[in-house]
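**Q** Could you have a look at this structure, given as structure tokens, before my questions?
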């Protein structure tokens with residue numbers, strides 16, 4: 001998730017953000033036999049899979065991020081999320097749109113990648129045409145949790161966590177199982193599918 005970024009990430013600055021990755025796996029220690037490795041190698045050659053990708057197929061192999069990112073300031077620590085939601089609902093009603101609530105924090109790499117995907121085409125066009133996006137800052141998983149609960153979003157399952165509201169404030173969707181908590185390992189298409197499903 002940003003399940004506190006528990007993989008093998010190494011922070012490179014004082015922020016503690018996961019800015020570099022030092023993955024690797026010992027195939028034999030992980031229980032891959034020579035026979036099994038040979039089968040994987042044949043399959044890899046058949047499919048044109050690289051050696052790096054082959055290593056990632058091993059049990060327990062850490063995965064590199066699907067999308068690099070540079071930390072951006074997305075979630076305001078001083079905003080009043082209730083006022084922001086009220087304003088978004090008013091705008092959505094006037095413009096016949098829906099509201100997306102995005103619970104997260106700037107420290108969360110998966111939140112950063114979700115924001116990148118939101119702003120890539122064709123996602124940006126769908127987002128601007130059909131939604132008002134509200135970012136809700138959750139601190140270090142300790143702020144605005146009551147607001148997340150109000151909209152049926154269990155932050156404990158990971159962030160980013162999303163909810164979709166109608167212009168009248170009805171919850172149309174709430175991310176109950178942490179679907180986007182591993183956004184670094186997902187692609188932009190997953191966001192496209194989400195937006196198109198809930199655009200109304």
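Every number in this text was worked out from the coordinates using simple rules, so none of it is lab data. As the structure is a prediction and not an experimental result, all values here were calculated from the model. Here Cβ is always computed from backbone atoms with ideal geometry, including for glycine, and neighbour counts include all displayed protein chains.
**Q** Which of the three applies to region 81-198, rounded, prolate or oblate, going by the alpha-carbon gyration tensor with a ≥ b ≥ c and a/c under 1.5 meaning rounded?
**A** It comes out oblate by the Cα gyration axes.
**Q** Mind checking the full-extension length gain between residue 145 and residue 192? Use 0.36 nm per residue of separation minus the Cα-Cα distance, one decimal, nm.
**A** 14.2 nm
**Q** In whole Å, how far is the Cα centre of region 66-86 from that of region 132-180?
**A** 13 Å
**Q** Counting DSSP beta bridges with both partners in region 81-198, what percentage is antiparallel, nearest 5?
**A** 55 percent
**Q** Would region 93-135 count as rounded, prolate or oblate if I go by the C-alpha gyration tensor, calling it rounded below 1.5 in a/c and otherwise prolate when a/b exceeds b/c, oblate otherwise?
**A** The shape class here is oblate.
**Q** Kindly state, to the nearest 0.05, the FRET efficiency for residue 95 paired with residue 172, given R0 = 22 Å and r defined as their beta-carbon distance.
**A** 0.85
**Q** A further question on this structure: Full extension from residue 82 to residue 128: what is 0.36 nm times the residue separation minus their Cα-Cα distance, to one decimal in nm?
**A** Length gained, residue 82 through residue 128: 14.4 nm.
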